[in-house]
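Please read the structure below before turning to the comments.
The values are calculated or read from the model by the stated rules, or taken from the named source; none is laboratory data. For clarity, every value in this text was computed on a predicted model and none was experimentally measured. Neighbour counts are summed over all protein chains in view; Cβ atoms, including those assigned to glycine, are modelled from backbone coordinates with ideal geometry.
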Amino acid sequence: MTELPKSTDRKLGLVIDLDTCVGCHACVISCKGWNTENYGAPLSDQEPYGADPSGTFLNRVHSYEVQPESGAAQLIHFPKSCLHCEDAPCVTVCPTGASYKRVEDGIVLVNESDCIGCGLCAWACPYGAREMDQAAKVMKKCTLCVDRIYNENLPEEDRVPACVRTCPAGARHFGDFADPESNVSRLSAERGGMALMPEQGTLPVNRYLPPRPKDRIGEEIDVLAPLLAPVAEEPTGFLAWLDRTLEKL
Amino acid sequence: MHPAPSVIAFTTLSSLGFGLLFWLGLGFPPVTGWVAFTFFVLAYLLAVGGLLASTFHLGHPERALKAFIQWRSSWLSREAWTSLAALLVMAAFGAGLVFAATALVPLGWLGAVLSIGTVLTTSMIYTQLRTVPRWHQLLTPVLFLSFALAGGSLLAGMVHLAPWLLAAAGIVQLAHWYLGDSALARSGTDLATATGLGAPGRIRAFEPPHTGPNYLTRELVFVIGRKHARKLRVIALVLLSVLPILLLLLPFHHVLAALAVLSHLAGAACSRWLFFAEAEHVVGLYYGKR
Amino acid sequence: MPPKQPQLDTSPRVSDEIRRTTCYMCACRCGINVHLKSGKVAYIEGNRDHPVNKGVLCAKGSAGIMQVNAPSRLRAPLKRVGPRGSGAFEEISWDEALEIATGWLKPLRESAPEKLAFFTGRDQSQSFTSFWAQEFGTPNYAAHGGFCSVNMATAGIYTMGGAFWEFGQPDWDHTKLFLLFGVAEDHDSNPIKMGIGKIKARGARVIGVNPVRTGYNAVADEWVGITPGTDGLFILSLIHVLMKAGKIDLDYLARYTNAPVLLNSDRASPDYGLFLRDEAGKPLVIDRVTGQPTAFDTPGVRPSLSATWERYGIAHRPVFHAMAERYLAPEYAPEAVAERCGIPAGRIRAIAAEIARVAFDEAIELDRPWTDFRGERHDKMVGRPVSFHAMRGISAHSNGFQTCRALHVLQILLGAVETPGGFRFKPPYPKPAHAHPKPHCGTQPGHPLNGPHLGFVQGPEDLALKDDGSPARIDKAFTWENPMSAHGLMHMVISNAHAGDPYRIDSLFLYMANMSWNSSMNTSGTMKMLTDTDENGDYVIPRIIYSDAYASEMVAYADLVLPDTTYLERHDCISLLDRPICEADAAADAIRWPVIEPDRDVRGFQSVLCDLGARLGLKGFTKEDGSAKFADYADYIVHHQRRPGIGPLAGWRSTGTGRGDAPEDQIQRYIDNGGFWLRHVPEEAAYFKPWNAGYQDWAVETGFYDAPQPYLFQLYVEPLRRFQRAAEGHGERQPPDHLRAQIREKLDPLPLWYEDGTASDAYPVRALTQRPMAMYHSWGSQNAWLRQLHGRNPLYVPTRLMREHALADGDWVRVSSAHGEITVPVMEMAALNPNTVWTWNAIGKRKGAWALDEGAPEATEGFLLNHLIHELLPEKGDGQRWSNSDPVTGQAAWFDLRVRLEKVAAPVESQPAHPPITSPVGKGPRTLAWKVGK
Ligand SMILES: Nc1nc2c(c(=O)[nH]1)N[C@H]1C(S)=C(S)[C@@H](COP(=O)(O)OP(=O)(O)OC[C@H]3O[C@@H](n4cnc5c(=O)[nH]c(N)nc54)[C@H](O)[C@@H]3O)O[C@H]1N2
Ligand SMILES: Nc1nc2c(c(=O)[nH]1)N[C@H]1C(S)=C(S)[C@@H](COP(=O)(O)OP(=O)(O)OC[C@H]3O[C@@H](n4cnc5c(=O)[nH]c(N)nc54)[C@H](O)[C@@H]3O)O[C@H]1N2
Ligand code: SF4
Ligand code: SF4
Ligand code: SF4
Ligand code: SF4
Ligand code: SF4
Ligand SMILES: [Mo]
């Protein structure tokens, strides 16, 4: 099923709000926790207490500095996991069919028992969304928490990805992009949701909301200047103004 | 990209092996009996050895057979099929030469096509990757094919054709490097498109997500020093092309020919090492590399 | 034809059972659902019903599972067998451990209880530990607040009867402009993130004032990259501009603050600067209706902000006169402060204008009638939707108290405290300083202390001094050096004990504080003090008992180690008597309970204290017959009574309000309810709490205090003036001469600004630390998942200094201060004040600690800035080494640090490198693939 479905019934994915993400890594660890215990092999760690610790994570938070034309440099926290691309190159390169995109909701998954661990899909993904687990030797990637979002053992409101449920700032949103009325479609439309590396032709489903313009208060000073007109030039004038004004209240 | 020894060994050796099989299939050199047997054993050692080496790279080699399933979309799967087919067809062809001293010519031609086809499918595994602009160019299959043909001709003892093919391989290699060096810049992918944040040059990767390394940084974000790469390029070019040509131009001697083969092999391995080591995967952009 | 897909089980079983308790990966105390499979922790997520986190969970909380399985966990009580600091221990039984402790402590109690110093760190059971210390009879007790954020707490309580910290919150639902000063993470970790998310979703704006633009400041719409230590000046300039423009809430000031209270303004009078009071001691204001001085709380009074009064020839004028005189002065004009603050004058004005616009042009009204303490009925609640929050960035400087005061005064001038859209208290606050206890230090061998250790002094008479005027406490809290040290001075304990100043102690008993590493200044010096011996070869600090759950750096310096359980294995109580989990709209408290059983010989420390208390025969811990009063901490939680009907937990008491008898199954009730209890504040009592009759009645009902106690916000803090008067020579208790000038200058009853620390050409760069959101102090590094996020800490250097020193990422610098030097790797950062460097706090580790490999990057590349900070300032030519603390509160001035950078060749590892300590628990495994289910 390395071939991609022509279209999927739903297009489930995430909206990540770069204006709100504070870079706390909560989504990173809750993803690690859920996916270590659930779908497939645990996400392992090598030298966890050693000199060179590393491990498998399905979601990582980068950070970038942007220097605008004028004004102070800005810092943007940038969480990144699988974008569940419509034209997912990671799927088509897979020789075994272990990688596939689900017809019903578009989730891109790895069927671990078919994975030979060739690593090619990780090479094919432009976003670095796939990591080979060094203990299980199979390819790991964000499952969009497929074992949560339909899970009847969870209360309805908890049927969202672990990272979305945990995000303290509310910077992550989950929904169906095929439905123009869904929360994610509307947020993306309102705030100019961006696709990453559009030129790669992967047609990612996930969208990123750009940071809002920053550091603009100084520019508005003229409009606001009358607000600061002095009530009196001298302290005595100020004291007189006090009770005069109080009386009027 | 991380230059994994198993993958370098695989592509270098199997390229030589299938190159040799290609020429054998076309009837060069026209050998039969024990001599043919020796040539075929050499070719199979290289080709199969290479294929085996490639399985070291797999997380689950015991499941390798599953790789045959997705031939409709996956070049890796197609490579599995073409290599298997090439090895089977050439085995039949070789058996004719060795045991019956008969060249089943159409079978040889088919085997030749499949052998070179295997090299092509291997090259397409890399060429198809848009994520590695240096590889994602027409010259990549040409490079692989030219190496296979040149190396094969050298092994096949085609002392007249080989220098030309070696020269061609050298030129293709130079062109591949030349175009490859600007491929990432030309690809249109940069940190700005990767993040959607602002104009290029105004954005800078700050902290990586984890202070330690991870699979991606080890596997895809290998960075090689520029000076180092320059040096290795010269060595690769000299060994794979220049030196073997010179050796072939000298009065023929088996020792010189063997040296030419070894030199080419070393050069090709060096070139392959650089092929990986210099390849910039776009994911490196996210990590602030390149 | 749709391709064939594997069949997936999309409804796998999540767990066998969920147990709901309270997180303790930090002090935020979120509710957690612990999923168990076959009795093992399988997954931890946030509790959606919990008032603190409403389901979300931070990185640390989600990594709790790795804390429980951490190889660094202690296994059994330890007795030191090698020299102190070596880490050589022998595991012993609990009986032996408790006998040793009893043998050491009992004689002290019977002869000189002050020879025990009991200090607790990241503890959440201070009402219990302090009770224990009080019963023991030692005056030497405090928790970590003194080096943490006592400036914030004290300034808040003296000014408005409540502080930021986790005791209040912006009105996240209504605020339109949120200003954040000096916060990287704070105790309210999740609530702040949730709040910022909430206001951003509404399109409201955030202004971040911080030299460093990360985290909250990175998402702020406006970043003010202020010069460290100058916030006070910036805030006073905002006050200058706003007052001058009349953008202040006069009605609010007149009604709810001491702005109209009459001050003795006659410099010649001995009472100069004190309030004019009536016979009942109530401060007087001039009533605009009668023109007469009237008690501030008289029904119908209309206080005047400008009328003056003369009595017996002495001029009295309202506090607001003094404020106008001070803050309208040109020294606070934006142009006068801009350069020092590193903020252009235009920007200061623009920010003031934006504050004014939102506060007054976008004022909001809630249709909620309420009645004030003077009996006046209001049909609306008018709000100024500008809110503020601040933490250690302004607090951890030696001018922090006054800076925090300045910020509160700004909030009050705007009428933005306890009004809709502004800052709101969380019960049991508001509670004015005068309603808090005062410090006690009366010891008597064999007897409890004469009252609680910590409190709020009202003047020199309340200081903790002995009859001879010398400090009664080992940390010299509540002395002339820092009279209002409401949380004690934990950072001075070891150095004072080592110096025998003010006296020698015998036993140092520490709990949950990594005092030989990241929580001490002068870390190398501290390690030396802990191991120093006298002429007889005995340790200068004779005995050290320590309770930790993990093999921290401090463990190595103890003689006796009492191993604690983890937070999932013990009872805890997050009490209204302490630091509860309340929200502005509800009083709430919570518990922890053993959701799993410990798999080793460890015991909950509080239970151990109950046991030890009984062995020592402390009255509060023994029955009449001398047997133990409490079987364990759970027993204490249910049965201890602080006042009749008031105990550690307020939930499910007999009256249903928070008062009354605790039911026997109180803990089970909490467990059944998700680990917490909650009582909502009635709607009409939700704002204006200090003056809202409805709230005051509700607070009494809930048990916070026994009678309503409305009060005025203290723009002018009279107790400060009382210390100034003493320094001017008035009164019986007199400060030593060398402190007079400092007290006169810095204990000003109106906020002022002075330079923090010592500016110096030799050390021109400011150096700071920040908390990483995904790490809790030192204790995150043992966590296999978290340490991958922060395994080392570079020094972040602004682009300007990178250029100036020709540095590139990964180069090394020697950083020196007046006290010491470190050599560390650098990383460039553009979004940073151009004269400031910083690093993540407490990532650097001692080799061998935390069961980490000796080559762990935390030890080889990580580092502490603490080596550069000393608890005493360098000698200034007056022969004195002044304490590196705020002169009002004793707050440790971590952020006063000034340094110099020099590029150096990369050393083998970051410097100083200390020899490894032996791990008492071995090392961790080579791989981890933690899955408890099938
Ligand atoms: N340079 C610099 N230094 C600073 C600061 C700064 O900003 N900059 N901040 C200061 C501040 S505000 C603070 S509060 C201090 C904090 O410093 P500390 O109070 O020392 O905090 P931790 O490092 O968390 O150490 C607490 C100890 O508690 C132990 N512990 C953890 N869980 C348990 C448990 O369940 N039971 C027991 N018994 N022990 C446990 C840990 O193992 C650790 O040894 O650091 C201060 N130091
Ligand atoms: N994740 C996590 N959470 C924690 C802790 C932890 O270790 N990890 N520790 C807990 C403890 S004990 C405490 S006390 C709180 C502290 O929480 P915070 O108050 O957030 O403490 P710090 O991280 O020290 O952050 C101080 C901030 O002030 C800034 N700053 C420094 N000097 C100045 C200044 O002069 N002016 C201004 N405007 N800003 C300045 C620094 O850049 C930094 O951003 O966090 C608690 N919460
Ligand atoms: S949990 Fe939310 S705020 Fe935190 S890093 Fe992830 S997306 Fe950002
Ligand atoms: S983000 Fe990468 S792994 Fe995910 S679907 Fe796209 S290409 Fe595949
Ligand atoms: S690693 Fe596994 S999933 Fe990826 S391409 Fe190879 S077989 Fe397919
Ligand atoms: S959707 Fe699930 S698997 Fe994907 S990043 Fe979020 S938590 Fe991880
Ligand atoms: S903020 Fe995080 S670590 Fe702290 S209590 Fe809440 S979930 Fe636990
Ligand atoms: Mo703290």
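For the stretch C:317-373, the set of residues classified as of a type in the set (A, V, I, L, M, F, W, C), under 23 Å from C:K689 (Cα atoms) and not in a helix (DSSP H, G or I) consists of C:A363, C:I364, C:L366, C:W370, C:F373, listed by residue number.
Among the residues of the stretch A:134-156, the ones that are under 17 Å from C:I44 (Cα atoms) and either more than 14 Å from ligand 6 (Cβ to nearest atom) or of a type in the set (V, I, T) (or both) come to 2 in all.
Here's the yes/no breakdown for (1) closer than 30 Å to C:L747 by Cα; (2) among the polar types (S, T, N, Q); (3) surrounded by 23 or more Cβ atoms within 10 Å (Cβ to Cβ):
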| site | (1), (2), (3) |
| --- | --- |
| C:K466 | yes, no, no |
| C:A472 | yes, no, yes |
| C:Y503 | yes, no, no |
| C:S524 | no, yes, no |
| C:T533 | no, yes, no |
| C:P542 | no, no, no |
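Cβ separations smaller than 6 Å between residues 6+ apart or across chains give the following pairs from the stretch C:419-433 residues that are in contact (Cβ under 8 Å) with a residue 12 or more places away in the chain to residues that are of a type in the set (V, I, T): C:P420/C:I364; C:G421/C:T175; C:G421/C:I364; C:F423/C:V417; C:A433/C:I157. Per the listing A:P42, A:P68, A:P5, the residue uniquely in a loop (DSSP other than H, G, I, E, B), surrounded by fewer than 24 Cβ atoms within 10 Å (Cβ to Cβ) and within 14 Å of ligand 6 (Cβ to nearest atom) is A:P42. Given the structure, is B:A91 in a helix (DSSP H, G or I) and more than 14 Å from every other protein chain (Cβ to nearest Cβ)? Criteria met by B:A91. Among (1) small (G, A, S); (2) within 29 Å of A:E199 (Cα to Cα); (3) more than 7 Å from every other protein chain (Cβ to nearest Cβ), which single condition is A:S113 missing? Here A:S113 clears every test but (2). When A:E112 is tested against the conditions (1) within 14 Å of B:Y215 (Cβ to Cβ); (2) within 16 Å of ligand 6 (Cβ to nearest atom), the lone failure is (1). Those helices (runs of 4 or more DSSP H) of the stretch B:204-274 in which 2 or more residues are touching a Cys at 6+ places or on another chain (Cβ under 8 Å) and at pLDDT 95 or above occupy B:226-237. Each residue in the stretch A:167-213 was checked for being among the charged types (D, E, K, R) and free of Cβ contacts under 8 Å to residues at least 12 places away in the same chain, and 4 pass.
Put simply, of A:C21, A:C27 the only residue that is closer than 28 Å to C:R771 by Cβ and either within 10 Å of chain B (Cβ to nearest Cβ) or not in a helix (DSSP H, G or I) (or both) is A:C21.
The conditions of being in a helix (DSSP H, G or I) and surrounded by fewer than 22 Cβ atoms within 10 Å (Cβ to Cβ) are not met by B:L76. Figure legend. Inter-residue proximity from the stretch C:801-818: first residues more than 25 Å from C:N522 (Cα to Cα), second residues part of a loop (DSSP other than H, G, I, E, B) and polar (S, T, N, Q), beta-carbon distance below 8 Å, spacing 6+ or different chains. Indicated pairs: C:L801/C:N835. Of the set (1) in contact with a helix residue (DSSP H, G or I) (Cβ under 7 Å, 6 or more places away or on another chain); (2) free of Cβ contacts under 8 Å to residues at least 60 places away in the same chain; (3) charged (D, E, K, R), all apply to C:K528 but (1). Of the helices (runs of 4 or more DSSP H) lying entirely inside the stretch C:107-220, the ones with 2 or more residues being touching a Ser or Thr at 6+ places or on another chain (Cβ under 7 Å) are found at C:126-136, C:145-148, C:150-160, C:189-201.
Based on what the data block shows, is C:M802 within 14 Å of another protein chain (Cβ to nearest Cβ) and assigned to a helix (DSSP H, G or I)? Considered against the rule, which asks whether it is within 14 Å of another protein chain (Cβ to nearest Cβ) and assigned to a helix (DSSP H, G or I), C:M802 comes out as yes.
For every residue, the table says whether it meets (1) out of contact with any helix residue (DSSP H, G or I) (no Cβ under 9 Å at 6 or more places or on another chain); (2) within 16 Å of ligand 6 (Cβ to nearest atom).
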position	(1), (2)
C:Y24	no, no
C:S38	yes, no
C:R48	no, no
C:N53	no, no
C:V56	no, yes
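Pairs meeting the criteria (first residue in the stretch A:89-110 and at the interface with chain B (Cβ under 10 Å from one of its Cβ atoms) and closer than 18 Å to A:L58 by Cβ, second residue within 16 Å of ligand 6 (Cβ to nearest atom) and acidic (D, E), beta carbons under 9 Å, at least 6 apart or on different chains) are A:A98/A:E112.
Scanning the stretch B:212-236 for residues that are within 14 Å of another protein chain (Cβ to nearest Cβ) and touching a helix residue (DSSP H, G or I) at 6+ places or on another chain (Cβ under 9 Å) yields B:G212, B:N214, B:Y215, B:L216, B:T217, B:E219, B:L220, B:V221, B:F222, B:V223. Close contacts from the stretch C:32-57, counting a first residue that is within 10 Å of chain A (Cβ to nearest Cβ) and a second that is aromatic (F, W, Y) and not in a loop (DSSP other than H, G, I, E, B), with Cβ to Cβ under 9 Å and a gap of 6+ residues or different chains, come to C:N33/C:Y43; C:H35/C:Y43; C:K37/C:Y43; C:Y43/A:W34; C:E45/A:W34.
Checked against the criterion of being touching a Pro at 6+ places or on another chain (Cβ under 9 Å) and within 16 Å of ligand 3 (Cβ to nearest atom), the candidates C:G182, C:G195, C:G162 yield just one match: C:G195.
Here's the yes/no breakdown for (1) closer than 26 Å to A:T36 by Cβ; (2) assigned to a strand (DSSP E or B); (3) more than 16 Å from ligand 3 (Cβ to nearest atom):
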| site | (1), (2), (3) |
| --- | --- |
| A:Y64 | no, yes, no |
| A:C82 | yes, no, no |
| A:C90 | yes, no, yes |
| A:C121 | yes, no, yes |
| A:G128 | yes, no, yes |
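The set of residues from the stretch C:848-871 being touching a Ser or Thr at 6+ places or on another chain (Cβ under 6 Å) and more than 24 Å from C:R73 (Cβ to Cβ) comprises C:E861, C:F863, C:L865, C:N866, C:H867, C:L868, C:E871. With respect to (1) acidic (D, E); (2) within 30 Å of C:T214 (Cα to Cα); (3) at pLDDT 95 or above, the lone exception for C:E166 is condition (3). Here C:R669, C:R653, C:R642 are screened, and the one residue that is under 26 Å from the mean Cα position of the chain (by Cα), more than 30 Å from C:L253 (Cβ to Cβ), surrounded by fewer than 21 Cβ atoms within 10 Å (Cβ to Cβ) and among the charged types (D, E, K, R) is C:R642.
When each of A:D176, A:D215, A:D243 is tested for being buried (at least 17 other Cβ atoms within 10 Å of the Cβ), within 8 Å of chain C (Cβ to nearest Cβ) and in contact with a Ser or Thr (Cβ under 6 Å, 6 or more places away or on another chain), the lone residue that passes is A:D243.
Residue check: A:R148 meets all listed conditions (1) over 17 Å from the mean Cα position of the chain (by Cα); (2) more than 10 Å from ligand 5 (Cβ to nearest atom); (3) surrounded by fewer than 22 Cβ atoms within 10 Å (Cβ to Cβ) but one, namely (3). Based on what the data block shows, is A:G50 in contact with a strand residue (DSSP E or B) (Cβ under 6 Å, 6 or more places away or on another chain) and more than 16 Å from ligand 4 (Cβ to nearest atom)? So A:G50 fails the test.
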